[in-house]
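*Asks:* The structure follows.
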Amino acid sequence: MNIFVSQIMAIVWKDFVTEFKTRELFSAMFIFALLVILIFIFSVNLSIVKASEVGPGILWVAFLFSGTLGLNRSFVLEKENGCLMGLILAPADRTTIYFGKLISNFVFLTAMELFILPLFMVFFNIDLLEHLLPLLLVIFLGTLGFCTLGTLLSSLSSNLKTREIMLPILLYPLLVPIVIGVVRMTGQILAGEPLSGMMNWIGLTASFDIIYIGVSIMTIDHILEE
Amino acid sequence: MIDIPKPDSSYSAIEVRQLCKEFGGLKAVDGISFELKRGEFLSVFGPNGAGKTTLIKVLTGLTRPSSGIAKVAGYQVEDGIPEMRRQIGVISHSPALYADLTPMENLVFFGKMYGLDHPQDSALAVLEDVGLAFRRNDRVRTFSRGMLQRLSIARAILHNPSILFLDEPFTGLDIHASNILKEHLQTLHNNKRTILMTTHDISCGLEMCDKVAVQVMGKFAFLKDIKDVDKENFEALYFDMVRNNQFTMAIRSH
């Protein structure tokens, strides 16, 4: 196997083993997302507004807020005991560290989202099963964009004392185009519209995913330098 | 494909010429020059804030020099060439080990990052070397400071580097753990590894090294072969040097 790929897989393996032992990241993200959805259920009168209209926004707020918790933890784990220094000293391109962390964050967040979806379906009384495939595509695009930018910015904010505050302040404004795209697409999918009718939104979200990956590759070397 | 510059065959293990590192006007490393041949051991003494850690960070490629030349294993440090990093091992204040993983998992992970062919075998071998094989399946979180430092040595020598950088490795260790660490360092030195160690422990640093340096306010105020050093009076000389240099710098800054 190519050394670049095997180094990325080593980082992913390490994150999985750590998470399997501690279960810190997944449980924290899942409970937080669940609480966000519950709070919205009690604050929105579903007999007045349609669940398919308010549901997409609530679902993505839950995903993004709980995902931010996970991102904050992601690089903090690397900073503990100077582990990041150990990684940087390894004969690896620094983009391997970025891609390893990106894949871990993406898998953990996607797994959490897949557990939240059935609960969302029950609480909002929306049948997601008939629109499952297009919905999964939208979730993939949105989560990828969130993780590409979030992983980069969490590596940047992990050096700051106020990292828990700085990450959302840096991340959310830059995520606006992706959030608009995925919330609109989720709404249209729940309203029963076909994917072919929302190609402009798919193109917009995918473009920002690609742009953020490109920006990350170009800047991660400088961000990880002390 | 990127053309990676190869070192010439006659390279020194470490070669430093007029090296400087500034942080917003503050010179943490100020015009340092020295050369270490393969297999030599340099002990660098100095008070807190003298720039010893920064010197190691520059030489290991963790941070870029502001000016000057730094070559390690024949490679320019600034180039950040992976082959250079394959040649070095670093032991610092922090162990660079994942607390929730076991020693085996930590070392196998770093073995994979260094592209070792058999990371499991290499990890077990170095754990036996540092006497921690019996705790290989316990979480690192449960280890004492002394055991962490031994595990840190195992991580640093896992890929069999030819050059070792040690940043105050005796900090926080009790006498027993210090003695174990000294034995390991002596073995590594006997195995012809080039070692650069910063320390506050004067007797220990003098005992093992081939060259001695004293760094004060970013500069090397003293650099000699150990055979030219009066070991008996070195401690008094060291404190004089630190006092005089700090006094001179204080006058200059006014």
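*Asks:* For the range A:127-226, what is the Kirkwood estimate of the hydrodynamic radius, computed as the reciprocal of the mean inverse distance between distinct Cα atoms, to one decimal in Å?
*Replies:* This gives a value of 14.6 Å.
*Asks:* If you don't mind, another one. Of B:ASN244, B:VAL212, B:ALA125, whose Cα points farthest to the positive end of the dipole of the range B:14-253 (charges on the beta-carbon: +1 Lys, Arg; -1 Asp, Glu; origin at the Cα centre)?
*Replies:* After comparing all options, I get B:ASN244.
*Asks:* Springs between alpha-carbon atoms under 10 Å, Gaussian network over chain B: tell me which of B:PHE239, B:PHE170, B:PHE220 tops the mean-square fluctuations.
*Replies:* Looking only at B:PHE239, B:PHE170, B:PHE220, the biggest GNM fluctuation is shown by B:PHE239.
*Asks:* How far apart, in nanometres, would the label points at A:LEU129 and A:VAL107 be if each is projected 7 angstrom from Cα along the Cα-to-Cβ direction?
*Replies:* 2.9
*Asks:* From the phi angles alone, apply the Karplus equation (6.51, -1.76, 1.60; θ = phi - 60°) to the range B:70-79 and give each ³J(HN,Hα) in whole Hz, x where the residue is Gly or Pro.
*Replies:* 10, 10, 10, 6, x, 9, 5, 4, 4, 5
*Asks:* Size of the range A:1-86 along its principal axes in angstrom, Cα-based, largest extent first?
*Replies:* 56, 28, 20
*Asks:* What's the whole-number percent of alpha carbon pairs in the range A:124-179 lying beyond 18 angstrom?
*Replies:* That fraction is 47 percent.
*Asks:* Have a look at B:SER122, B:SER144, B:SER67 and tell me which one the Gaussian network model of chain B (Cα, springs below 10 Å) gives the largest fluctuation.
*Replies:* In this elastic network of chain B, the residue with the biggest mean-square fluctuation among B:SER122, B:SER144, B:SER67 is B:SER144.
*Asks:* Mean residue ellipticity at 222 nm from the helices of chain B, using -39,500 (n - 2.57) per DSSP H segment of n ≥ 4 over the full residue count, to the nearest 500 deg cm²/dmol? Intermediate results must be reported in sequence, preceding the final value.
*Replies:* On the way: 8 runs with 92 residues, N = 254.
Calculated at 222 nm, the ellipticity per residue is -11000 deg cm²/dmol.
*Asks:* Next question, about the same structure. Which lysines, if any, have their Cα less than 29 Å from the Cα of A:LYS14, not counting same-chain residues under 8 positions apart?
*Replies:* Correct list for A:LYS14: A:LYS79, A:LYS101, A:LYS161, B:LYS57, B:LYS112.
*Asks:* Follow-up question, since we're still on this one. Run lengths n ≥ 4 of DSSP H only: what is the helix-derived mean residue ellipticity at 222 nm for chain A, with -39500 (n - 2.57) per run over all residues, to the nearest 500?
*Replies:* Calculated mean residue ellipticity at 222 nm is -29000 deg cm²/dmol.
*Asks:* On average, how much area does the Cα convex hull of the range B:55-150 cover when viewed from any direction, in nm²?
*Replies:* 6.9
*Asks:* Counting only DSSP beta bridges with both residues in chain B, tell me the antiparallel percent, nearest 5.
*Replies:* 55
*Asks:* Once you have the Kirkwood Rh of the range B:179-240 from its Cα pairs, apply Stokes-Einstein at 10 °C and 1.306 mPa s and quote D in µm²/s.
*Replies:* After rounding, the answer is 126 µm²/s.
*Asks:* Considering the alpha-carbon set of the protein assembly as shown alone, what are its Rg and its Dmax in angstrom?
*Replies:* According to the Cα coordinates of the protein assembly as shown, Rg and Dmax are 26.6, 90 Å.
*Asks:* Might you report the magnitude of the Cβ-based charge dipole of the protein assembly as shown about its Cα centre, with Lys and Arg at +1 and Asp and Glu at -1, to the nearest 20 debye?
*Replies:* Taking the Cα centre of the protein assembly as shown as origin, the dipole is about 480 debye.
*Asks:* Can you list the lysines whose alpha carbon is less than 16 Å from that of B:LYS192, not counting same-chain residues fewer than 8 positions off?
*Replies:* In chain and number order, the partners are B:LYS37, B:LYS182, B:LYS211.
*Asks:* Name the trypsin sites (Lys or Arg not before Pro) in the range A:28-81 that are in a loop by DSSP and that have at most 14 other C-beta atoms within 10 Å, would you?
*Replies:* Here the sparse-neighbourhood loop sites are A:LYS50.
*Asks:* Please give me, ordered by residue number, the GluC sites (Glu not before Pro) of the range B:65-132 that lie in loop per DSSP and have at most 10 other Cβ atoms within 10 Å. Can you show the working numbers first?
*Replies:* Details: sites: B:GLU78, B:GLU83, B:GLU105, B:GLU128; in loops: none.
Nothing satisfies the criteria.
*Asks:* Could you grab the Rg to Rh ratio for the range B:14-253? Cα atoms only, Kirkwood for Rh.
*Replies:* Radius of gyration over Kirkwood radius for the range B:14-253 works out to 0.98.
*Asks:* For A:LEU171, A:LEU35, A:LEU59, which order do you get if you count the other beta carbons within 10 Å of each Cβ and list the fewest first?
*Replies:* With the fewest neighbours first, A:LEU171, A:LEU35, A:LEU59 line up as A:LEU35, A:LEU171, A:LEU59.
*Asks:* Go ahead and set up a Gaussian network model of chain A, Cα springs under 10 Å, then flag whichever of A:ILE37, A:ILE169, A:ILE180 fluctuates most.
*Replies:* A:ILE169
*Asks:* Where the only charges are on Cβ atoms (+1 Lys, Arg; -1 Asp, Glu), what is the dipole of chain A about its Cα centre, to the nearest 20 debye? Let's see the in-between values first.
*Replies:* Working: 11 positive and 16 negative charges, 53 e Å.
The calculation lands at about 260 debye.
*Asks:* Mean 1/r over all different Cα pairs, inverted: what Kirkwood radius does the range A:3-224 give, in Å? Write out the running numbers ahead of the final one.
*Replies:* On the way: mean 1/r = 0.0552 Å⁻¹.
Taking every pair of different Cα atoms in the range A:3-224, averaging 1/r and inverting gives 18.1 Å.
*Asks:* Spelling out what I want: for every residue of the range B:145-155, take phi, set θ = phi - 60°, compute 6.51 cos²θ - 1.76 cosθ + 1.60 (Karplus), and round to whole Hz; glycine and proline get x.
*Replies:* With coefficients 6.51, -1.76 and 1.60, one gets 4, x, 5, 4, 5, 5, 5, 5, 5, 4, 5 Hz.
*Asks:* Calculate the dipole size of the range B:164-206 relative to its Cα centre from +1 charges on Lys and Arg beta carbons and -1 charges on Asp and Glu beta carbons; express the result in debye to the nearest 20.
*Replies:* 260
*Asks:* So who's got an amide H within less than 5 Å of the one on B:PHE222, skipping anything under 5 residues away but keeping other chains? H placed 1.01 Å off N, in plane.
*Replies:* B:VAL214
*Asks:* Calculate, for B:THR187 and A:THR162, the FRET efficiency according to 1/(1 + (r/R0)^6) with r their C-beta to C-beta distance and R0 51 Å; round to the nearest 0.05.
*Replies:* 0.70
*Asks:* Would you mind checking which residues have amide H under 5 Å from B:ILE91's amide H? H placed 1.01 Å from N; only 5 or more apart, or other chain.
*Replies:* B:PHE165, B:LEU166, B:ASP167
*Asks:* Per residue of the range A:215-222, in order, report the coupling 6.51 cos²θ - 1.76 cosθ + 1.60 (Karplus, θ = phi - 60°) as ³J(HN,Hα) in whole Hz, putting x for Gly and Pro.
*Replies:* 4, 5, 4, 6, 10, 4, 4, 6
*Asks:* How much FRET efficiency would the formula 1/(1 + (r/R0)^6) give for B:ASN179 and A:ILE211, where r is the Cβ-Cβ distance and R0 is 51 Å, rounded to 0.05?
*Replies:* According to the calculation, E is roughly 0.35.
Each value in this text was obtained by applying a stated rule to the coordinates, not by laboratory testing. These numbers were taken from a predicted model, which means no experiment stands behind them. Cβ atoms come from the backbone with ideal geometry, glycine included; neighbour counts cover every protein chain shown.
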